[in-house]
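Asker: Next up is a structure, given as structure tokens.
The values are calculated or read from the model by the stated rules, or taken from the named source; none is laboratory data. Predicted model, so just to flag it, every value in this text is computed and none were measured. Backbone-built Cβ (ideal geometry, glycine too); neighbour counts: all protein chains shown.
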Amino acid sequence: MCTAVSFKTKDCYFGRNLDYEFSYEESIVITPRNYEFSFRNQRILSHHYAIIGMAFVQDNYPLYYDAMNEMGLAIAGLNFPGNAFYFPRKKGKDNIGSFELIPWILSQCKSIKEVEKLLSKLNICDLNFNDQLKASPLHFMVTDKEENSLVIESVKEGLKIYKNPVGVLTNNPPFDYHLLHLAQYMSVTSKEVKNDFSDKIELIPFSRGMGSIGLPGDLSSPSRFIKASFTKLNSKCDDSESASIAQFFHILNSVAQQKGCCQVGEKYEYTIYSSCCNLNKGLYYYTTYENSQITCVNMHHYDLNESKLCCMPMQKKLNICEQF
């Protein structure tokens, strides 16, 4: 399972935890402006916005998990099993496979307003990448550099588009449930607590942090949504790049998964990597399960007018700074 978050200080940040039981050996991939995007049921895009993100590359095609474009728009696809439903091709619609949606949006749009216009004709169709890679059941969170945010869900009832006032997305159930579920925790607070239990008895707090009693701590997607939302919405830091990045990863770490805590068959789900995009500057930061040191890739250090994919393996070896 996964968690995606947006966060704004001076700049806007967007990223996610990728939680799964195994890795596809994904890498950081820059798709330059002149890479030819070939879509199964749409026109070829031979020139478009440059994109950077985490992807599994197959047949020279970037299967992005999360990414941003050079204009400051970002999107992540999160697991949505049992609820995601993809349709046959529809006449008069933009028929896009789930694996094509991230590049379809990022190659053409620079703001949520433009995304909404593009989505008005969207049909996420039942389309596999190939015989080995079937269509993943996904829903998507999209955010621009003003922190306007949408959630996209293709379900049996049709395409659902939600405004995302929280700036958080996890997995099942559908997004409208998560927003409703937040109301159960409206009494949780980061403030010092006072006695609202009764005026007939004196009750004195015996610990700091008692306002957060009742805040979920388990690994289920509804609980991660609540915990990530509480942490993100109550976060305080200055607006420097270092403070913002550190705080962003602390937010993601509050819902990270450790090996051994969530068994899936004979394996265990864990946070394979965490990412953070600075949407204003085109910086892609990440950590891995093995290496908690933050690594940064600046998309503007590369020739964005190229036509070939640029792929960089993640730095997974633990780097320890020795102090003397």
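Asker: Which residue is surrounded by the fewest Cβ atoms within 10 Å (Cβ to Cβ), if the candidates are limited to segment 42-80 and must be among the charged types (D, E, K, R) and under 19 Å from the mean Cα position of the chain (by Cα)?
Answerer: My answer is 70.
Asker: What residue, among those in segment 244-256 that are touching a Ser or Thr at 6+ places or on another chain (Cβ under 9 Å) and either surrounded by fewer than 14 Cβ atoms within 10 Å (Cβ to Cβ) or of a type in the set (Val, Ile, Thr) (or both), is nearest to residue 14 (Cα to Cα)?
Answerer: Ranking the candidates gives 251 first.
Asker: Among the listed residues 6, 27, 23, 46, identify the single one that is touching a residue at least 12 places away in the same chain (Cβ under 8 Å), small (Gly, Ala, Ser) and touching a Cys at 6+ places or on another chain (Cβ under 6 Å).
Answerer: 27
Asker: Go through (1) modelled with pLDDT of 95 or more; (2) surrounded by fewer than 19 Cβ atoms within 10 Å (Cβ to Cβ); (3) assigned to a loop (DSSP other than H, G, I, E, B) for residue 109 and report which single condition fails.
Answerer: Looking at each condition in turn, residue 109 falls short on (2).
Asker: Look through 107, 120 and report the one residue that is among the polar types (S, T, N, Q), within 20 Å of the chain's Cα centre (by Cα) and on the phi < 0 side of the Ramachandran plot.
Answerer: 107
Asker: Same structure again: Exactly one condition in (1) out of contact with any Cys (no Cβ under 7 Å at 6 or more places or on another chain); (2) part of a loop (DSSP other than H, G, I, E, B); (3) not polar (S, T, N, Q) is false for residue 232; which is it?
Answerer: Failing condition for residue 232: (2).
Asker: A follow-up question, please. For the subset of segment 81-106 comprising residues that are surrounded by 16 or more Cβ atoms within 10 Å (Cβ to Cβ) and among the small types (Gly, Ala, Ser), which member is nearest to residue 175 (Cα to Cα)?
Answerer: For segment 81-106, the residue satisfying everything is 84.
Asker: Please tell me if residue 287 is at pLDDT 95 or above and within 16 Å of the chain's Cα centre (by Cα).
Answerer: yes
Asker: Would you check if residue 211 is in a helix (DSSP H, G or I) and either surrounded by 15 or more Cβ atoms within 10 Å (Cβ to Cβ) or of a type outside the set (D, E, K, R) (or both)?
Answerer: Considered against the rule, which asks whether it is in a helix (DSSP H, G or I) and either surrounded by 15 or more Cβ atoms within 10 Å (Cβ to Cβ) or of a type outside the set (D, E, K, R) (or both), residue 211 comes out as yes.
Asker: Between a first residue in segment 178-206 that is among the acidic types (Asp, Glu) and a second residue that is assigned to a helix (DSSP H, G or I), which pairs have beta carbons less than 7 Å apart while being 6 or more apart in sequence or on different chains?
Answerer: That search, which allows pairs on different chains as well, returns 192/211.
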